[in-house]
Amino acid sequence: MIARSVRSGLVENYHRGEVVAVDAGGGVVGRWGGLGRRFYMRSAAKPFQAQVSLDRGARLSDEELAVACASHSGEPVHMALTRQILTGAGVGEQDLRCPPDLPMGPQARDRLFATGGAAPAPIYHNCSGKHAAMLAACAASGWPTAGYHEADHPLQVHNLTEITEALGEAPEPVGVDGCGVPTFGVTVEAMARAYAWLAVADRYRRVRDAMHRYPALTSGTGRPEAKLAAGLGLVAKAGAAGCIGVAVPGRLGLAAKADDGSFDAAVVAAAEALRRLGLVPDTAAPRLDGVATMPVLGRGEPVGRLEPAFDEA
């Protein structure tokens, strides 16, 4: 177990999964629960894909780099920075190959409806910043922008090499993510190892610093991963279907995966693992309100909570 939902005193649901922490030397320093299978990193791979875009010549400010690492909420600042990346690379929204979508954030979606712009578009997809940076990398490298999302495109070949080196093993299998680019099958331990590299390697300094400095740009205002990152001064990146990667700069990497795909359970478990590792000082605990535990709602009001359950069978 990694978490449980308690409603009005009754344990309503247990969330199985696994949390692993790996130190700078690649050694496991904490493991809780057990998954027993591989899963896809999904958007948790974005910091490493953004590094490849930098390597291939994408010229990004720190704010733009944060959005390139983002599963953003579609707030105006996310849209503005994504469009800046495209304009700077000499490409346009029509070149994006993420699917048409509406903003992921409810407030951003409501704002769009209020202005009459309710038609789904690729720019609103939560991965559009990553795709914009990929297009910028292709333009800088002289590679075709058409087909940049396909597994055999030179950019995606470089991405596969990058993630293989960060994981310390070949990802298996390689699939297609919801946004259309390749995604990588991993174990929780391998993902934690990659985030340990993100935490300590000089190679990832710009990516790490951008995510550390702008946690709301890599996700969205009030999002749990942004609260976790800001509250503890670390880097956190969500992945779809209930996974999260955490890089504690200069210290360690951590990965959490909920078997049932609950992202909230993965976040609660990651926060608990950090506490058990001694990385949540008493002074920081209030800043994790709504992260260390999360409310369970009834009629829109709290009637219980989602809480860690590491010590339960």
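Based on the mean of other beta carbon atoms within 10 Å per residue, what is the order of 196-207, 110-121, 224-235, 22-33, most packed first? It would help to have the intermediate numbers written out before the result.
Working: 196-207: 19.8, 110-121: 11.9, 224-235: 22.3, 22-33: 16.5.
In decreasing order of mean packing, 196-207, 110-121, 224-235, 22-33 become 224-235, 196-207, 22-33, 110-121.
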All other residues with a Cβ under 12 Å from the Cβ of G147 taken together, and with Lys, Arg as +1 and Asp, Glu as -1, what is their net charge? -2
Cβ-Cβ FRET estimate between V157 and A284, R0 fixed at 51 Å, reported to 0.05: 0.80
Cα pair distances in the chain, grouped into 20 Å bins until the bin that holds the longest one, percent each: 35, 57, 8, 0
Within segment 29-60, name every residue whose backbone N is under 16 Å away from a label modeled 7 Å from Cα of R203 along the Cβ vector. 45-57
Under 16 Å by backbone N from the virtual spin label 7 Å along Cα-to-Cβ at V28, the residues of segment 180-203 are 186-196
Residue (of L60, S262, A44) at the positive-pole extreme of the chain, dipole from beta-carbon charges: L60
Kindly point out, ordered by number, any Cys in the chain whose beta-carbon has no other cysteine beta-carbon under 4.7 Å away. C69, C138, C243
Using a ≥ b ≥ c from the Cα gyration tensor of segment 140-251 (square roots of the eigenvalues), is it rounded, prolate or oblate, where a/c under 1.5 gives rounded and otherwise the larger of a/b and b/c decides, a/b for prolate? prolate
For the chain, what is the accessible area per residue in Å², given a 1.4 Å probe and the full set of protein chains? 40
With Cα atoms, 0 to 90° folded angle of helix 154-167 axis to the chain main axis: 30
Packing-based ranking, highest mean first, of 188-194, 264-270 given that Cβ atoms within 10 Å are counted: 264-270, 188-194
Give me the percent of accessible area attributable to carbon and sulfur for segment 247-291, probe 1.4 angstrom. 45
Give, as a single signed number, the net charge of other residues whose beta carbon lies under 14 Å from the beta carbon of V291, with Lys and Arg counted +1 and Asp and Glu -1. 0
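Which shape class, rounded, prolate or oblate, goes with segment 57-135 when its Cα gyration tensor gives a ≥ b ≥ c as root eigenvalues, a/c under 1.5 marks rounded, and past that a/b bigger than b/c marks prolate? All intermediate terms of the calculation are to be shown ahead of the outcome.
Details: a/c = 2.06, a/b = 1.62, b/c = 1.27.
Since a/c reaches 1.5 and a/b is larger than b/c, the shape of segment 57-135 is classed as prolate.
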Given 84-92, 283-291, the highest-first ranking by average Cβ count within 10 Å works out to 84-92, 283-291
What is the angle, in °, between the Cα long axis of helix 128-141 and the longest principal axis of the Cα atoms in the chain? Nearest 10 is fine, range 0 to 90. 40
How high is the FRET efficiency from T221 to A114, r the C-beta distance, R0 22 Å, rounded to 0.05? 0.80
Relative to the first principal axis of the alpha-carbon coordinates of the chain, what is the inclination of helix 188-200, with its axis defined by its Cα atoms, in degrees from 0 to 90 and to the nearest 10? 70
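Roll a 1.4 angstrom probe over the protein heavy atoms and tell me the percent of accessible area of segment 1-130 that is carbon or sulfur. Intermediate results must be reported in sequence, preceding the final value.
Working: 2720 of 5540 Å².
Taking all protein chains in place, segment 1-130 shows 49 percent carbon and sulfur surface.
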Net charge around P122, counting only other residues with Cβ within less than 11 Å of its Cβ (Lys, Arg = +1; Asp, Glu = -1)? -2
From DSSP H assignment alone, runs of 4+ in the chain each adding -39500 (n - 2.57), the sum over residues rounded to the nearest 500 puts [θ] at 222 nm at -11000 deg cm²/dmol
Below 8 Å, C-alpha to C-alpha, sequence gap of six or more: please give me the relative contact order for the chain in percent. 25
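The values are calculated or read from the model by the stated rules, or taken from the named source; none is laboratory data. Values in this document were obtained by computation on a predicted structure and should not be read as measured data. Please note: Cβ atoms are built from the backbone with ideal geometry, for glycine as well, and neighbour counts cover all protein chains shown. Keep in mind that these areas ignore ligands, DNA and RNA; they rest on the heavy atoms of the full protein, side chains included. Shrake-Rupley method; radii C 1.70, N 1.55, O 1.52, S 1.80 Å.
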